[in-house]
Amino acid sequence: MTNKILVLEGHPEKKSFCNALAEAVKAGALEVGAEVRHVKLTDLDFEASLQGAYQATHDLEPDLEQLWEEMKWCDRMILVHPLWWGAAPAKLKGLFDRLLRPGEAFHYEEGKALPIGHLKGRMAEALITSDTPTWYLRWIYRAGWHVILKKQILEFCGFKVGRIRNLGPMLSANEQKRARFLDMARKVGRAV
């Protein structure tokens, strides 16, 4: 049973539909008695640039140290963010670059091509808003970011990934469609 939920809100603005979705996920999880921690990208103070790549030492700022503890604490992480230019917003990508460090989030063993993820035993899902119609994103763009997020970030670090849902197109989403998205987010939170 997944009763420790981390909602990671990855929109770089405080007022966004992603915020409403994250709050709906949180509300759904609380309805079924889960313990929920909600971390907002906008509240985190850290340097997103990975100067010197992984060759340099990068101590984590206090906000990133706390988020790392939340990731290790959770049974299930639900990421909510927009799709901008086919990928995550730069600050969210920077968060992954800085937080998911070799030796902490994963390690390599000699003679093996694939890493050992240190976040095994945890589930992850994502709700991603976009202006691109879902069918176009999947069949024309081949859902590039969804594949990267699942295979090269989350599974790479050991998460078992459930659904990555594309919510869109947001540009033309009326109140009824947005209400359906919020209801779906609440159900995602309740599915513990």
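The values are calculated or read from the model by the stated rules, or taken from the named source; none is laboratory data. Computed from a predicted structure; not experimentally measured. Backbone-built Cβ (ideal geometry, glycine too); neighbour counts: all protein chains shown. When the accessible area is computed, the model is the full protein with side chains, heavy atoms only, and any ligands, DNA or RNA have been set aside. Shrake-Rupley method; radii C 1.70, N 1.55, O 1.52, S 1.80 Å.
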_Degrees separating the helix 175-190 axis from the principal Cα axis of the chain, which is the longest one_ = 50
_What is the angle, in °, between the Cα long axis of helix 62-73 and the longest principal axis of the Cα atoms in the chain? Nearest 10 is fine, range 0 to 90._
80
*Rounded if a/c is under 1.5, else prolate if a/b beats b/c, else oblate: with a ≥ b ≥ c from the C-alpha gyration tensor eigenvalues square-rooted, which is region 39-85?*
oblate
*asked:* Need one number: nm distance between label points at Thr42 and Arg101, each 7 Å from Cα along Cα→Cβ, rounded to one decimal.
replied: 2.9
*Considering only DSSP states other than H, G, I, E and B, which trypsin sites (Lys or Arg not before Pro) in region 1-36 qualify as loop sites with at most 14 other Cβ atoms within 10 Å?*
Lys14, Lys15
*Angle, helix 90-99 long axis vs. longest principal axis of the chain, Cα atoms, 0 to 90°, nearest 10?*
40
*Using r as the Cβ-Cβ distance of Ala53 and Trp135, and R0 as 41 Å, what FRET efficiency do you calculate, to the nearest 0.05?*
0.65
*Within region 108-145, which GluC sites (Glu not before Pro) sit in a loop by DSSP and count at most 15 neighbouring Cβ atoms inside 10 Å?*
Glu109, Glu110
_Antiparallel %, DSSP beta bridges [both residues in the chain], to 5_ = 10
*Pull up all non-local amide H partners of His38: gap of 5 or more, or a different chain, and H-to-H distance under 5 Å with H placed in the peptide plane.*
Val7
*Over region 10-49, with every protein chain in place, what whole percent of the accessible area is carbon and sulfur at 1.4 Å, could you tell me?*
45
*Near the amide H of Thr129, under 5 Å away, which other amide H atoms are found, from residues 5 or more places off or on another chain, if H is placed in the peptide plane?*
His81, Leu83, Leu167
*Determine the gain in length on full extension of the stretch Ser172-Leu60; use 0.36 nm per residue of separation and subtract their C-alpha separation, reporting nm with one decimal.*
36.4 nm
*Neighbour-limited loop hits for trypsin sites (Lys or Arg not before Pro), region 77-144 (at most 16 other Cβ within 10 Å; DSSP other than H, G, I, E, B)*: Lys112, Lys120, Arg142
*So how much accessible area does Tyr136 have, in Å² to the nearest 10, using a 1.4 Å probe?*
80
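If each DSSP helix of 4+ residues adds -39,500 (n - 2.57) and the sum is divided by the residues in the chain, what number results at 222 nm, nearest 500 deg cm²/dmol? Walk me through the numbers on the way to the answer.
Details: 6 runs with 63 residues, N = 192.
The helix contribution divided over the chain gives -10000 deg cm²/dmol.
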*asked:* With a 1.4 Å probe and all protein chains kept in place, how much accessible area does Glu31 have, in Å² rounded to the nearest 10?
replied: 100
